[in-house]
Amino acid sequence: MTDMRCGVIWLVGLAVGAGIGTSAVAADGRFAINIGVDYSTGKYGDTATTVIWALPVVAKYRSDAFTVRLATAWLRVTGPGAVTPDGEPVGPGGARKTTSGVGDVTASVSVPVLDEPLHPVGLDVTAKVKFGTADTAKFLGTGKNDYALQASVFKTVADLTPHLDVGYKWKGDPAGIDYRNVWYASAGADYRFSPRYSAGLDYDWRDRLTPNGGIVSELTAYLGARIDALNKVNLYAVSGFGRASPDWGLGVIFNRGF
């Protein structure tokens, strides 16, 4: 549950957070914590299946001028050790084993460049850092920092908010592996059935990290329900189509605002 999977948590936990304006700050609070349970399974181009359980935690502070997020997760991974929980190739794999521990820490800062009520579309620019804090001996991470810059465009039309995110990631290289710097993108939409319920679809793509590696290609569907002014719960399912994606996954996220 590193950068790409935490993107799912950010998305469904906030119901396309890039499109939330000042009125939502008043309703949800300026500070929020998301906690959840995530399960995924896939072969990631290997012959053996890797099963990942994650307990993600995302802390967020939102002001009128910027939004700061800090994310990590406790991980339990069963597999041959050929990939990290983010689908990054780290070796040929070996005997099947189970490891656990705290994953990488990801921090981001988002700045609104265009305010949607005043412009035809909304535009946020986000800078991200994934700190390589996870245990490399347990194949929970690469041990190297990654850096990313992302632009997010969104437009609210009645109860529908489509969005498009495009970013570029500078990858840190672990010993013996030369990763490529890669483009990534996400597109989807959130639909609000009522002030309490919403649902959405999101498609994620990321280029190959190595010449013989796989792409990230996955579709996420989610359903969200607001419990009260400060609490939300979201259910989601993931279907993967690329070698660097899980075959499928499920999760639940609880959001608490302050």
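Values in this text are rule-based calculations from the coordinates and carry no lab data. Note that the structure is predicted; figures quoted are calculated from it, not measured. In this analysis, Cβ positions are derived from the backbone assuming ideal geometry, glycine residues included, and neighbour counts consider all displayed protein chains.
List of remarks:
- Relative contact order of segment 18-142, defined on C-alpha pairs under 8 angstrom at six or more residues apart (%): 19
- Given charges at beta-carbon only (K, R positive; D, E negative), |dipole| of the chain in Debye: 460
- Cβ-based exposure ranking for Thr106, Thr136, in which fewest neighbours within 10 Å come first: Thr136, Thr106
- Proxy reagent accessibility, fewest Cβ within 10 Å first, across Ser239, Ser194, Ser152: Ser194, Ser239, Ser152
- Each part gets one Cα centre, and for segment 51-84 versus segment 221-258 those centres are 13 Å apart.
- Burial ordering of Thr161, Thr126, fewest other beta-carbon atoms within 10 Å first: Thr126, Thr161
- Packing, as the average of other Cβ atoms within 10 Å across residues, places the peptides 140-150, 92-102 in the order 140-150, 92-102, highest first.
- Whole-number percent relative contact order across the chain, with pairs defined as alpha carbons under 8 Å at least 6 apart: 19
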